[in-house]
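To start, the structure itself, in structure tokens.
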Amino acid sequence: MSKNYILGVFDDEATLVDAFEKIKAKGILPVEVYSPYPVHEILIGMGKKTRITHAAFFYGLFAAIGILGFLTYAAVIDWPLRYGGKPFNSFPSFIVVTIVATILSITLLTLFTFSARAKIFPGKKAEIYHHRATDDKFVMVISKESIEKNEKDIQSIIKEHGEIE
Amino acid sequence: MYNSKVRGRLIQGDKSFGQISREILAPIDKTPIWWYFAFLVSLGMFGFGLYAKYITVSTGIGTWGVNNSSAWGWAIINFVWWIGIGHAGTAFSIFLLILRQKWRTAINRAAEAMTVVAVFCASLFPLLHMGRPWLFFFIFPYPNTRGPLWVNFNSPLFWDFVAISAYLLISASFWYFGMVPDFATIRDTAKSKIKKAVYGFFSFGWTGSSKEWLRFEALSFVLGGIAAVLVVSVHSIVSTDFAVSVVPGWHTTIFPPYFVIGAIFSGFAMVLTLVITMRGLYKMNDFITDSHVDAVCRVLIFISLIMGTAYTTEIFMAWYSGSDYEMYMFFQNRLFGDYAFEFWAMFVSNAVIPQLFWFKAVRRRMWMVFVISIIINIGMWFERFNIVITSTSRDFLPASWANYSPTWVEVGFFVGTLGMFLAGVLLFFRFIPMIAISELKSVAKFDKPNNGQLKPASHE
């Protein structure tokens, strides 16, 4: 496809992982790996980490405090109203709204975070290396710069199970 | 992980990944004649519903059969019924995800689609029951010119509003983000330029790179984890609409679990109706195999037993409480009184008939499963009728007893939502991959020897 990259194209997960591990053993990390579904060996092997779960926790923490704070402000401080003899600060019944609204906040904020970090947003034009990577091929993109003298070895590893395009 | 062979194969017929994509995407390329016919019928029903809504809004709630005693009527029966059906999406996606059930992958997309449409149908009922739906935004707690006078945060009706709107938003976004990789598959396999452009837009530039999948998995993990709470919370909150009042037959602590289980019950039944339709009309038998249907049937046996227990517990507690009003409500009103037919229709179709699923011969005959799933849905409708109507029409004061029967406007409204649901499902069949392709591919390896790995030591 491009002069700067080698594309290793595989038919299934097992051969991709095998080749990925052998190439990694040579100290070379592919630029990117494309697959129709998540392959955990690759996700771990590529060495990238995501902090989305941490972000979600803090969204939840702040949302819960904020919502509970708002309910208390509105019902206790701003305009206290007596409902059926209950105390103004009816904490247990505030919990219901707090939980549900917190879940909603976490969901929406985490989605936006995902969209921003993974750069997945409406109308984005996909950069496609191999148009069957979302269908039935597992594609490994290796930059030619990174392999230098090892090109022959890499090619033989890929050719063991897959094809070079 | 220990790999049991109890479930049978997840996908029949040793399909390649390419075949899986092609077979699931086939309905998007070709529209059968019956589809147009069915869509026309559903639009007709929807139109009738629109007319009923027009009458409701232009003339008022007086066109309904509701009265001072039974102020809720069909609107709330149908609201609770639709919300119950709308439970299947989260129940399937989240519960079965947490329980690591791989067979979920063939069904969850349809269940989630159904959820979104059903919850949307449900939300229309309280909206129009307000009488002045154009002022519905009064429920939002926003700084207003009335003081600002805030809404009553202690009211279950407000909780309900929060719960339903949150549920609608969350299940819709969960559903949509699950579809993004599949839209990319359509974009990359489609031949027509229009399809490429449209699905390309909706696929948000998805390429399937490891960076995207890494974050995608983290996202599903977070959403799955927190939405699990919703499976329980939404219908618990709906049940508090009833349970925090002092009306006989409603004032019980059993209501939240009873409603949640009932919701999952009707949701699973509706999923069964839907997937059997998918098998029949779109020949998805290789993906939604007999053992998938079998698994749902087994779950239904269990839930049906819980339903039966809940019904009998309610009756027992009415007797055990010694309260005259409770005794009257259950024994003279529901069991053997004016509403005996509705009570026994509910009991037989929810607690007795699903027990037929104990027999393999029943579980393997799709038409029987289909019929029973419909019976369960009707039974669940009668359950809501039992709860809503029997209690309000016979309260503490015999002077305020009143009978309730719906007018054509209420019936039309309900038919309209049925039409909307049908239309939504048909559009889903036509334009969206009805099975989660990428998830299905990820479990395909478990049908292969050695879980599809080269080395004997499996990673799972």
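Read-outs throughout are calculated quantities, based only on the coordinates presented, and are distinct from any laboratory measurement. Because the structure is predicted, anything quoted here is derived from the model rather than measured. Cβ atoms come from the backbone with ideal geometry, glycine included; neighbour counts cover every protein chain shown.
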Exercise for the section: Grab the Cα-Cα distance for B:GLU217 and B:PHE336, subtract it from 0.36 nm times how many residues apart they are, and report the gain in nm with one decimal. Expected result: 37.4 nm
Completion exercise
Within 10 Å of the Cβ of an average residue in A:53-60, the count of other chain Cβ atoms is 2
Practice task
Return the average number of partner chain Cβ atoms within 10 angstrom of each residue Cβ along peptide A:68-81.
Solution key: 3
Practice task
Return the aspartates and glutamates within reach of A:LYS49: Cα separation strictly under 17 angstrom, same-chain partners fewer than 8 residues apart disregarded; answer none if there are no such residues.
Solution key: A:GLU32, A:GLU41, B:GLU212, B:GLU217
Handout entry: At R0 = 41 Å, FRET efficiency that the Cβ-Cβ distance of B:TRP344 and B:LEU50 yields, to 0.05
Key = 0.70
Handout entry: Surface/4 of the Cα convex hull for segment A:1-137, nm²
Key = 12.9
Problem - Spin-label model distance (nm) - B:ILE98 vs A:GLU148, 7 Å beyond Cα toward Cβ - result: 5.3
Exercise for the section: For a footprinting-style exposure proxy, rank A:ARG117, B:ARG384 by other Cβ within 10 Å, fewest first. Expected result: A:ARG117, B:ARG384
Practice task
For segment A:52-117, build the convex hull from the C-alpha positions and give me its volume per residue in Å³.
Solution key: 75
Handout entry: In nm, spacing of pseudo-spin labels at B:PHE431 and A:ILE77 (7 Å Cα→C-beta vector)
Key = 4.6
Handout entry: Whole-angstrom Cα spans of the protein assembly as shown along principal axes, big to small
Key = 95, 62, 46
Exercise for the section: Can you put A:HIS131, B:HIS87, B:HIS251 in order of Cβ neighbours within 10 angstrom, beginning with the fewest? Expected result: A:HIS131, B:HIS251, B:HIS87
Handout entry: Relative contact order (%) - segment A:52-117, alpha-carbon pairs under 8 angstrom, separation at least six
Key = 53
Exercise for the section: Shielding by partners for A:123-131, please: the mean number of other protein chain Cβ atoms within 10 Å of each residue's Cβ. Expected result: 5
Practice task
Express the relative contact order of chain A as a whole percentage, based on alpha carbon pairs under 8 Å and six or more residues apart in sequence.
Solution key: 55
Handout entry: Loop-resident sites, segment B:1-96, for trypsin sites (Lys or Arg not before Pro), counting at most 12 other Cβ within 10 Å (DSSP)
Key = B:LYS5, B:LYS30
Practice task
Quote to one decimal, in nm, the extra length available between B:VAL57 and B:PHE37 on full extension: 0.36 nm per residue of separation minus the C-alpha distance between them.
Solution key: 4.2 nm
Exercise for the section: Can you grab the distance from the C-alpha centre of segment A:76-145 to the C-alpha centre of segment A:10-56, Å, no decimals? Expected result: 25
Problem - Computed E for B:MET327/B:LYS191 - FRET, C-beta separation, R0 56 angstrom, nearest 0.05 - result: 0.20
Completion exercise
Listing B:SER155, B:SER239 by rising number of other beta-carbon atoms within 10 angstrom, fewest first, gives B:SER155, B:SER239
Fill in the blank from the handout: Lys and Arg at +1, Asp and Glu at -1: neighbours of B:ARG384 with Cβ under 13 Å from its Cβ sum to -3
Handout entry: Within segment A:2-36, trypsin sites (Lys or Arg not before Pro) in DSSP loop having at most 16 other beta-carbon neighbours inside 10 Å
Key = A:LYS3, A:LYS26
